[in-house]
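S.K.: Below you will find the structure I want to go over with you.
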Amino acid sequence: MPLATDDFLDIDDVTPAELDALLDRAAAMKAGEADPRLADATLGMIFEKPSTRTRVSFETGMTRLGGHAMFLGPDDIQLGHGEPLKDTARVLGRYVDGVMARLFDHADVETLAAYADCPVVNGLTDEAHPCQTLADLLTIRETVGEDATVAWVGDGNNVGQSFVVGAAMAGIDVEVATPADYGMDPGVFDRAAEFGADVEPTTDPEAAIDGADVVYTDVWISMGQEDQREEKLAAFEGFQLNADLLAGTDAAVMHCLPAHRGEEVTDDVLESDRALVWDQAENRMHAQNALLVELLGGE
């Protein structure tokens with residue numbers, strides 16, 4: 001199913017039917033189905049923020065698809081050095097077949113998409129991480145099944161916001177527990193409601209995980225928030241995924257990584273049989289490969 005969108009800036013840029021088809025394609029590609037449609041294609045990868053999983057999964061994925069990925073860090077291009085972002089976008093659009101951008105400001109990836117004459121993929125912004133959501137949904141589908149309830153426990157950050165909307169699109173029930181001052185943008189729940197979800201966030205992590213098949217968390221102190229460390233550690237007391245919180249439940253545990261072991265999740269939980277985190281990490285590549293084929297591969 002060809003995507004109706006030219007860019008992928010957040011998870012609901014695709015329809016539920018397109019999302020389902022992307023996950024089907026990702027599963028087939030993970031199982032070994034070859035798709036050479038990106039032979040000789042080039043993906044420009046803009047990194048304002050460093051990342052292990054994003055760089056390696058996109059670069060390896062493009063190689064497996066017959067194409068090439070080009071790393072463009074802050075010292076490699078004029079991003080942030082005087083050239084307007086729209087000019088960078090126009091130039092890149094003349095050179096490459098697609099752009100993946102991992103940026104701070106979500107408005108910047110929107111500017112790239114507006115001015116680049118090629119598809120633009122959001123590899124992460126402060127508001128959204130849709131590629132992670134694709135991997136998360138693929139992981140849930142192949143482990144606990146789509147008839148699942150997932151509890152998001154922790155910071156109402158970019159990963160959580162994209163996941164809540166994506167889960168709604170996939171028909172997965174989500175419970176959300178965050179500290180009062182660190183919740184998700186209310187607009188996220190409005191977007192989820194458009195797909196039939198009725199998410200009522202709470203500040204009680206024990207209530208959120210009651211009956212959950214999966215408990216999902218992420219770091220409390222994201223990149224660029226280091227000056228808030230002490231304040232956030234105090235605010236998130238009681239939200240750590242540990243043996244006590246998870247006692248009495250058989251729920252699997254998800255984390256998008258990197259994890260701050262001993263803060264949002266304990267080492268023993270992350271190393272236990274509950275953890276799906278390594279499947280999530282692997283599935284970044286398979287889900288993104290499916291997306292890249294649809295966006296860059298043509299009919």
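S.K.: Taking a temperature of 25 °C and a viscosity of 0.890 mPa s, what whole-number D in µm²/s does Stokes-Einstein yield for the chain with Rh from Kirkwood over alpha carbon pairs?
M.R.: Details: Rh = 19.4 Å.
The estimated diffusion coefficient comes to 126 µm²/s.
S.K.: At R0 = 22 Å, how high is the FRET efficiency between PHE104 and ASP6 if r is their beta carbon distance? Nearest 0.05 is fine. Numbers along the way, then the final one.
M.R.: Working: r = 23 Å, r/R0 = 1.06.
Computed FRET efficiency for PHE104 and ASP6: 0.40.
S.K.: For the residue pair GLU200 and ALA39, what label-to-label distance in nm results when each label sits 7 Å from Cα along the Cα-to-beta-carbon direction?
M.R.: Taking the two extended label points, one gets 5.7 nm.
S.K.: In segment 127-194, what GluC sites (Glu not before Pro) fall in a loop by DSSP, with at most 15 other Cβ atoms inside 10 Å? Mind showing how you got there, number by number?
M.R.: Working: sites: GLU127, GLU142, GLU146, GLU175, GLU194; in loops: GLU127, GLU146, GLU194.
Sparse-neighbourhood loop GluC sites (Glu not before Pro): GLU146, GLU194.
S.K.: Quick one: length gained pulling MET70 to ALA207 fully straight, 0.36 nm per residue minus the C-alpha distance? Each step should come with its number before you reach the end.
M.R.: Numbers: separation 137, 0.36 × 137 = 49.32 nm, distance 4.53 nm.
Stretched fully, the MET70-ALA207 segment lengthens by 44.8 nm.
S.K.: What is the antiparallel percent of DSSP beta bridges lying wholly in the chain, to the nearest 5?
M.R.: Working: 0 of 31 bridges.
Here the share of antiparallel DSSP bridges comes out near 0 percent.
S.K.: How fast does segment 182-233 diffuse by Stokes-Einstein, in µm²/s, taking the Kirkwood radius from C-alpha pairs at 10 °C and 1.306 mPa s?
M.R.: My calculation gives 118 µm²/s for D.
S.K.: Averaged over every viewing direction, what's the projected area of the C-alpha convex hull for segment 1-155? Give it in nm², one decimal, please.
M.R.: Working: hull surface 39.6 nm².
Average of the hull's projected areas for segment 1-155 equals 9.9 nm².
S.K.: Putting +1 on Lys and Arg Cβ atoms and -1 on Asp and Glu Cβ atoms, find which of TYR182, ILE209, ALA234 reaches farthest to the positive end of the dipole of segment 144-275.
M.R.: So the residue furthest toward the plus end is TYR182.
S.K.: Only helical DSSP H runs with n ≥ 4 go in: add -39500 (n - 2.57) per run for the chain, normalise by residue count and round the 222 nm mean residue ellipticity to 500 deg cm²/dmol. Mind dumping the intermediate values first?
M.R.: On the way: 12 runs with 123 residues, N = 299.
The helix contribution divided over the chain gives -12000 deg cm²/dmol.
S.K.: Next up: Restricting the count to DSSP beta bridges whose residues both fall in segment 1-109, what percent are antiparallel, rounded to a multiple of 5?
M.R.: Values: 0 of 10 bridges.
Bridges in segment 1-109 that DSSP calls antiparallel: roughly 0 percent.
S.K.: Cα atoms only: what Rg and Dmax, in Å, come out for segment 144-275?
M.R.: Looking at segment 144-275, its Cα Rg and Dmax stand at 13.9, 40 Å.
S.K.: Points 7 angstrom from Cα along the Cβ direction at ASN242 and SER272: gap in nanometres?
M.R.: With each label point 7 Å from Cα toward Cβ, the separation is 1.3 nm.
S.K.: Still on this structure: In nm, to one decimal, how far is the modelled label at ASP250 from the one at THR143, with both set 7 Å along Cα→Cβ?
M.R.: In this crude spin-label approximation the distance works out to 1.5 nm.
FYI, it's all coordinate maths here, none of it is from the lab. As the structure is a computational prediction, the values presented were derived from the model and not from experiment. Ideal geometry is used to build each Cβ from the backbone, glycine not excepted, and the neighbour counts take in all protein chains shown.
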